[in-house]
Amino acid sequence: MTGNLIVTGGGRGLGAATAVAAGERGYSVCVNYRERADRAEQVVREIEAAGGRAVAVQADVAVEADVIRLFETASDALGPITHLVN
């Protein structure tokens, strides 16, 4: 089963590896980042180059308003969010 996934911290390290792996397995991925939009956009490009769907969204998951905006933006871009890797 696949779906629409948010990966917090998806622009670097294990989060980036998780986002790319999920994209390769057919998930549509929201790559969340707090800083370094360039890294998050690179992960999005990797997912898209492999034929997947992805979007990068800046949000600090320690801030409630940012979390709400993260889910709304991801849902608007990808459809209902079905999975979260935090």
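The values are calculated or read from the model by the stated rules, or taken from the named source; none is laboratory data. Owing to the predicted nature of the structure, the values given are computational and were not obtained by experimental measurement. Heads up, the Cβs are rebuilt from the backbone with ideal geometry, glycines too, and the neighbour counts pull from every protein chain shown. All accessible areas refer to the heavy atoms of the entire protein, side chains included, with ligands and DNA or RNA removed. Shrake-Rupley method; radii C 1.70, N 1.55, O 1.52, S 1.80 Å.
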task: State which residue pairs qualify: first residue over 16 Å from Gly9 (Cα atoms) and inside the stretch 37-64, second residue open to solvent by 70 Å² or more (accessible area, probe 1.4 Å) in any location, beta carbons under 8 Å apart, and separation of 6 or more residues or different chains.
output: Ala50/Glu24; Gly52/Glu24
message: With the structure loaded, tell me whether Val63 is open to solvent by 20 Å² or more (accessible area, probe 1.4 Å) and touching an Asp or Glu at 6+ places or on another chain (Cβ under 7 Å) or whether it fails that test.
response: no
field: Any chance Ala74 is touching a residue at least 12 places away in the same chain (Cβ under 8 Å), small (Gly, Ala, Ser) and over 13 Å from Val29 (Cβ atoms)
entry: no
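Give me the residue from the stretch 1-21 that is within 13 Å of Thr82 (Cα to Cα) and surrounded by fewer than 24 Cβ atoms within 10 Å (Cβ to Cβ) and, out of that set, modelled with the lowest pLDDT. Outline the logic, then answer.
The first filter runs over the stretch 1-21 and keeps only residues within 13 Å of Thr82 (Cα to Cα), leaving 1-7.
Then drop every residue that is not surrounded by fewer than 24 Cβ atoms within 10 Å (Cβ to Cβ), which leaves 1-4.
Numbers: Met1: 70, Thr2: 89, Gly3: 96, Asn4: 98.
If we take residues in the stretch 1-21 being within 13 Å of Thr82 (Cα to Cα) and surrounded by fewer than 24 Cβ atoms within 10 Å (Cβ to Cβ), then Met1 is modelled with the lowest pLDDT.
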- prompt: Scanning the stretch 31-59 for residues that are within 13 Å of the chain's Cα centre (by Cα) and part of a loop (DSSP other than H, G, I, E, B), which turns out farthest from His83 (Cα to Cα)?
  reply: Arg34
- prompt: Which condition number does Ser28 fail, the rest of (1) under 10 Å from the mean Cα position of the chain (by Cα); (2) open to solvent by 40 Å² or more (accessible area, probe 1.4 Å) being met?
  reply: (2)
task: Identify all residues within the stretch 31-53 that are open to solvent by less than 50 Å² (accessible area, probe 1.4 Å) and closer than 22 Å to Val63 by Cα; write none if there are none.
output: Val31, Asn32, Tyr33, Ala37, Ala40
